[in-house]
Amino acid sequence: MGGLFFGNLADRFGRRPVFSWNLLAFVLLSVLQLFVQEVWQLVLLRLALGLAVGVEYAVGTSVLAEFSRRKGRGVLLGSFAVGWQVGFTIAFVYGNLIYSGDNWRLLLATSAIPALLVFLLRIGLPETPMWLKARGRDAEAQAVVERHFGKGFAIPDVELKLNQPSARELLKGPNVRQHLYSGLFWFCQVGRSSRSSLLSGRYSTRSGSRIRPRSISG
């Protein structure tokens, strides 16, 4: 859902603002988990964090593809997926095998630390030259290319349609099977990685407090 909605915003207003400020929202939502008192509060925050992760999937891949050379682009996009798996694995190992405290709120809120570091790194990130070129801002696009790649590189001509496709179009037309297959692939990939954090019961503490139907203790 985050990718569907914010992906259109990234097409309309640019990759850079959505790609950068999404992480700031992720940091704030992560910190808010320190103050959770009710189950519904935790559920809403985790859902909002999931939307923010969806933005990273959609817009992050676009930024990487549009800001890389043709040679080696496939390797970079593949490493993007590998990076997600490495992060999921590290989080699972740390939360289940290394962390021995009983403050699960603090454990959840620690996701703000790497997100904040990446947000600071993204502050100076320019707009992608492909998006600038598609918007007719050729001089700005070429300046970005020359600054980061050198004067021997140019951008191919691109055309950005004025009308934005709706989510309904994904489920009709000749490519519906490809869309369903891709969606199922991502669902299985993310669901398998996050299942442990949702179903492993790590929200219980060493003192025996658990998430309860109406409130959270511990």
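Treating only the Cβ of Lys, Arg, Asp and Glu as charged (+1, +1, -1, -1), what charge dipole size does segment 1-82 show about its Cα centre? Round to the nearest 20 debye.
Magnitude of the dipole: close to 500 debye.
Just in segment 59-129: which trypsin sites (Lys or Arg not before Pro) are loop by DSSP and have at most 15 other Cβ atoms within 10 Å?
R69, R70, K71
So what does the Cα-only Debye profile of segment 41-124 read at q = 0.19, 0.25, 0.26 Å⁻¹, as log10 I(q)/I(0), no solvent term?
Cα-only, vacuum Debye calculation for segment 41-124: -1.06, -1.40, -1.43.
I'd like the Karplus ³J(HN,Hα) series for segment 67-79: coefficients 6.51, -1.76, 1.60, θ = phi - 60°, whole numbers in Hz, and an x wherever there's a Gly or Pro.
10, 10, 6, 4, 6, x, 5, x, 5, 5, 5, x, 5
Once phi is turned into θ = phi - 60°, what whole-Hz ³J(HN,Hα) does the Karplus curve with 6.51, -1.76 and 1.60 give for every residue of segment 99-113, x standing for Gly and Pro?
5, 10, x, 10, 9, 6, 4, 5, 4, 5, 6, 5, 5, 5, 5
Can you compute 3J(HN,Hα) from phi for each residue in segment 54-66, using the Karplus curve 6.51 cos²θ - 1.76 cosθ + 1.60 with θ = phi - 60°, rounded to whole Hz and x for Gly and Pro?
Karplus values, whole Hz, x for Gly and Pro: x, 4, 4, 4, 6, 6, x, 5, 5, 4, 5, 5, 7.
Which value, in debye to the nearest 20, gives the size of the charge dipole of segment 45-106 about its Cα centre, when Lys and Arg are +1 and Asp and Glu are -1 at the Cβ?
Computed charge dipole of segment 45-106: roughly 320 debye.
Bear in mind these aren't lab numbers, they're just calculated from the coordinates by the rules spelled out. Keep in mind that this is a model prediction, so the values were computed, not measured. Ideal geometry is used to build each Cβ from the backbone, glycine not excepted, and the neighbour counts take in all protein chains shown.
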